[in-house]
Amino acid sequence: MRQPTVASLRPGVKFEGFLLVRTGEQRTSSNGGKYLDMTLCDTTGDINCKMWDGTVPPPKQGGVVKIRGTVQEYNGRLQMRIERLRNPGPEDDVDVSQLMPCAPEKPESMLDEINRTIDRMTTPELQAILREMIAMCGDKLMYFPAAQRVHHAERSGLLHHTLGVLRAAEAMLPLYPFLDGDLLRAGCIAHDLSKTVEFISDEAGNVSDYSAEGQLLGHLVHGVAQVQEAARRAGVSGEYVLLLSHMIIAHHGQPDHGSPRPPMFPEAEMLHLLDDMDAKMNEMEGVMRRTPAGAFSEKIWSLDRRLYHPRVHAQEEAAQEPSREEKDLYAGLL
């Protein structure tokens, strides 16, 4: 399956190939006409697509479609105008592994590193709570994303983000030896686990919607309940239960971002900073991947700014330049 990657697409390029459906729905335009609004992706990123044909039903989320269209720029963002769309057949021999955004490490190895961290901890109360919380997530932890869009929106993205925050904490602890290392590690591991309840996701890591718990409570409030339930199952009581609960409910930092309480002790503040850093760095990495060196990105709404891809990053600049194979593919499509 040879085709240009989403990250390499530029305005004016004609694309024909297979993409994975993140979202797809039929909408009504201002003049009353129907159209398809879709987000399609491969392993390198996603792109918004419009098909101005109200007779075409929306494709199944998590499925694969073959499309033909032209890339354009709209409001500073890339968008594809779809001319033709169909479901693939057996003769197409689609390699879904090239289309499914996945974490860069295997979920088994990421979970193993998290469990080994728990084993090395010296606070039995926190160890017991974390083991129960991970068990409560079940198999969902192996494929769940960390978000519907924005950061770590990929298969096993929740483990990817959790491990990123945990590794960052390990790097920071020698600089701030007054911190309770086990408490910070516990907060890093536990802070987003209830996203497995907040979202409805298929095993490809595509989130179709928020669950009832996600819409009515959210992962912060539900996360506190998860800590309380895990502590009850493990027979743990005392201040560590309260501290870990506060770290979860405060890790977004401020009410505007969903936290009803600001971080009120150092480990909670450090968790907030590390969580925010890992999420933003992951999102920026994706933006740099699809923005040519020397150019500005579209406005990134979650960051409320555009980003610049510096020219001095020669290696990144080379990565943005289409390969000879991609240029040949473009030539065949234009």
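Rule-based calculations on the coordinates, nothing more; no lab input. Here the structure is a predicted model, which means the values were calculated and not measured. In this analysis, Cβ positions are derived from the backbone assuming ideal geometry, glycine residues included, and neighbour counts consider all displayed protein chains.
How high is the relative contact order of the chain, in percent, with contacts defined as C-alpha pairs under 8 Å that are six or more residues apart?
Dividing the mean separation by the residue count of the chain yields 15 percent.
Can you tell me the orientation of helix 239-250 relative to the chain, as the angle in degrees between its alpha-carbon axis and the longest Cα principal axis, to the nearest 10?
So the helix axis and the longest Cα principal axis differ by about 30 degrees.
Given charges of +1 on the Cβ of Lys and Arg and -1 on the Cβ of Asp and Glu, with all other atoms neutral, how large is the dipole of the range 207-303 about its Cα centre, in debye to the nearest 20?
Computed charge dipole of the range 207-303: roughly 100 debye.
Taking the Cα centre of the range 107-284 as origin, sum charge times position over the Cβ atoms of Lys and Arg (+1) and Asp and Glu (-1), and report the length of that vector in debye to the nearest 20.
140
Cβ under 11 Å from ASN87's Cβ, ASN87 left aside: what net charge do those residues give with Lys, Arg +1 and Asp, Glu -1?
Neighbourhood net charge equals +2.
With +1 assigned to the C-beta of every Lys and Arg and -1 to the C-beta of every Asp and Glu, and no other charges, what is the dipole magnitude of the chain about the Cα centre in debye, to the nearest 20?
Charge dipole, the chain, about its Cα centre: 1060 debye, nearest 20.
Can you list the residues, at least 5 places off or on another chain, whose amide H is less than 5 Å from the amide H of LEU307, using H built in the peptide plane?
SER297, ILE300
Given Cα pairs under 8 Å that are at least 6 residues apart, what percent is the relative contact order of the range 107-284?
Reported as a whole number, the value is 23 percent.
Please compute the Kirkwood hydrodynamic radius of the range 107-284 from all pairs of different C-alpha atoms, in Å with one decimal.
15.9
To check my understanding: the extent here is largest minus smallest coordinate of the Cα atoms along each principal axis. What are those three numbers for the range 1-89, in Å, largest first?
On the principal axes, the range 1-89 reaches 37, 33, 18 Å in Cα extent.
Which lysines, on any chain, are close to LYS106 with Cα under 17 Å apart, when same-chain ones fewer than 8 places away are left out?
Here the lysines satisfying the reach criterion relative to LYS106 are LYS140.
Along the positive direction of the dipole of the chain (beta-carbon charges: Lys, Arg +1; Asp, Glu -1; about the Cα centre), which of GLN226, ILE67, THR123 reaches farthest?
Positive-end residue among those listed: ILE67.
Evaluate the distance, in nm, between pseudo-label points positioned 7 Å from the Cα of ASN75 and of ALA212 along their respective Cα→Cβ axes.
3.3
Which lysines, on any chain, are close to LYS34 with Cα under 26 Å apart, when same-chain ones fewer than 8 places away are left out?
Qualifying lysines at Cα under 26 Å: LYS14, LYS50, LYS60, LYS66.
I want to make sure I understand the PRE zone here: with the label point 7 angstrom from the Cα of GLU25 toward its beta carbon, which residues in the range 117-155 have backbone N atoms less than 19 Å away?
147-150
Where does each of 144-153, 120-129 land if you order them by average Cβ count within 10 Å, highest first?
Listed from highest to lowest mean packing, they are 144-153, 120-129.
Quick check: the distance between the Cα centres of the range 101-163 and the range 193-260, to the nearest angstrom?
14
Under 9 Å from the Cβ of ILE300, count the other residues' Cβ atoms, weight Lys and Arg +1, Asp and Glu -1, and hand me the total.
0
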